[in-house]
1. When the residues of the range 294-303 are narrowed to those that are in contact (Cβ under 8 Å) with a residue 12 or more places away in the chain and either in contact with a helix residue (DSSP H, G or I) (Cβ under 7 Å, 6 or more places away or on another chain) or basic (Lys, Arg) (or both), which ends up farthest from Glu232 (Cα to Cα)?
2. Can you go through Thr330, Thr344 and tell me which one is over 16 Å from Tyr249 (Cα atoms) and either loosely packed, with under 15 Cβ neighbours inside 10 Å or without any contact (Cβ under 8 Å) to a residue 12 or more places away in the chain (or both)?
3. May I ask you to verify whether Arg16 is within 24 Å of Pro325 (Cα to Cα) and buried (at least 16 other Cβ atoms within 10 Å of the Cβ)?
4. Tell me which of these Leu258 doesn't satisfy, since it passes every other one: (1) touching a His at 6+ places or on another chain (Cβ under 8 Å); (2) at pLDDT below 95.
5. Looking only at residues in the range 240-273 that are within 27 Å of Leu137 (Cβ to Cβ) and β-branched (Val, Ile, Thr), which one is surrounded by the most Cβ atoms within 10 Å (Cβ to Cβ)?
6. Is at least one residue of the range 304-322 in the same structural domain as Thr364 (by TED's automatic domain parsing), part of a strand (DSSP E or B), free of Cβ contacts under 8 Å to residues at least 12 places away in the same chain and not hydrophobic (A, V, I, L, M, F, W, C)?
7. In the range 82-113, what count of residues is obtained for those that are in the same structural domain as Ser39 (by TED's automatic domain parsing) and either at pLDDT below 80 or among the aromatic types (Phe, Trp, Tyr) (or both)?
8. Can you tell me which residue among Arg359, Arg288 is modelled with pLDDT under 95, in the same structural domain as Arg233 (by TED's automatic domain parsing), buried (at least 16 other Cβ atoms within 10 Å of the Cβ) and of a type in the set (Lys, Arg)?
Amino acid sequence: MIDQFYFAPLSLQRLRFGPLGTHIDTFVELLSAQGYAWSTAREKIRVVAGLSRWLHRRGLGVEALDEQRISEFLRYWRHQGLSRRGIFHTLQELLRHLRAAGIVGLVTSVENNAFHGIEKDFARYLTQERGLAQATLDNYLPTARTFLAECLAEGPLALNELNPKDITRFIVRHSKAVSRRRLQLVVTALRIFLRFLYQRGEIATDLAASVPKVADWRLSDLPKFLEPEQVERVLKACREDIPVGQRDYAILLLLARLGLRAGEVVHLELDDLDWEKGGIRVRGKSVRQDWLPIPQEVGKALARYLLHGRPRCPSRRVFIRMKAPRQGFTSSAAICDVVRRALTRAGLPLTRKGSHLLRHSLATQMLRGGATLLEIGEILRHQLPSTTEIYVKVNVAALRALALPWKGGAR
């Protein structure tokens, strides 16, 4: 496989030297499938070959490769004054590839074994016992992972020594870098994780109750939304003559016409599109799945993207990164970036951004058109009717009819 990038026999012999020599071709197959450019793949091959020679000089086999060895090699690479661009990402890709193939063990230390074991069991607990969808796991697992990493940073993993002060310090530390809404999600995830640790027997006291609450007065905010003409400006700002524009236009239509959440768009798969029946399967926050009709406008945009804009790759996700590695989006943040770029192209203020902006816009437009809160809740797939109540605040005409006359006003 590497002979597609290097041709000289001596170069090929040198690249295949060392303990990684027999695995470099399968790694290059992975790079090709992920859509890396020819020059980028050549550079990654050179890095892996350098690591292989480094392991050989130290008498180490491929089974000795782990995060610690990679850190040692990175220090050596920097000391040699060699290019560091993309090297860490390349080595992380290689390690994941070797672990997926069963060539390298998952972890090497007792602490890391405990670390990964707890995280894996927590993911299984969320899926099997709590019945949560992958989109929710994508929000909860990073908090658990960060919390465990910070526990490990202080020394060996000793969760049984945790106390309420450690929990409070963790929340305060992270409150400085995230929004209030995001902090609420972190608090929820940490509370569930601590309860899981207690049930598992990792901690002797249920510390979930010690997680501080984030102030949130229900219905205190107005939902941010765009006027219908502004939504059309955002949609028309997409360039439908290029692949990335076709992808972004289809994403924006799913948000604006069907009110999908960002996580639902991220995890949308090819099998979720039923072209014969004209329906789309939406995987919500839990195990709940809903089938929605595909409007003609949305269907045409999806078909155009799938036929002409979607990169070829093994992933079953509908929406794929345009740059290597060719795979589905890793989180909802990518959808928020699509919305943010669309707002910029349309010349709209960035004070109102995020994928929920279009979801709120759809609900507001429906309310103004005479739809009831129950109907809006069904379209947005709210589990509780109270979740839809916030949209009453944007119906100014209805609120004006309820307002009492001001006593100090003119008669």
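The values are calculated or read from the model by the stated rules, or taken from the named source; none is laboratory data. This is a predicted model, so every value here is computed, not measured. Every residue, glycine as well, gets a Cβ built from its backbone with ideal geometry; the counts of neighbours run over all protein chains shown.
1. Here the answer is Leu302.
2. Sole residue among the options that is over 16 Å from Tyr249 (Cα atoms) and either loosely packed, with under 15 Cβ neighbours inside 10 Å or without any contact (Cβ under 8 Å) to a residue 12 or more places away in the chain (or both): Thr330.
3. The answer is yes for Arg16.
4. For Leu258, the failing item is (1).
5. Across the range 240-273, the extreme among qualifying residues is Ile251.
6. Looking for residues that are in the same structural domain as Thr364 (by TED's automatic domain parsing), part of a strand (DSSP E or B), free of Cβ contacts under 8 Å to residues at least 12 places away in the same chain and not hydrophobic (A, V, I, L, M, F, W, C), one finds none in the range 304-322, hence no.
7. Residues in the range 82-113 being in the same structural domain as Ser39 (by TED's automatic domain parsing) and either at pLDDT below 80 or among the aromatic types (Phe, Trp, Tyr) (or both): 6 in total.
8. Arg359 is the lone residue from the list that is modelled with pLDDT under 95, in the same structural domain as Arg233 (by TED's automatic domain parsing), buried (at least 16 other Cβ atoms within 10 Å of the Cβ) and of a type in the set (Lys, Arg).
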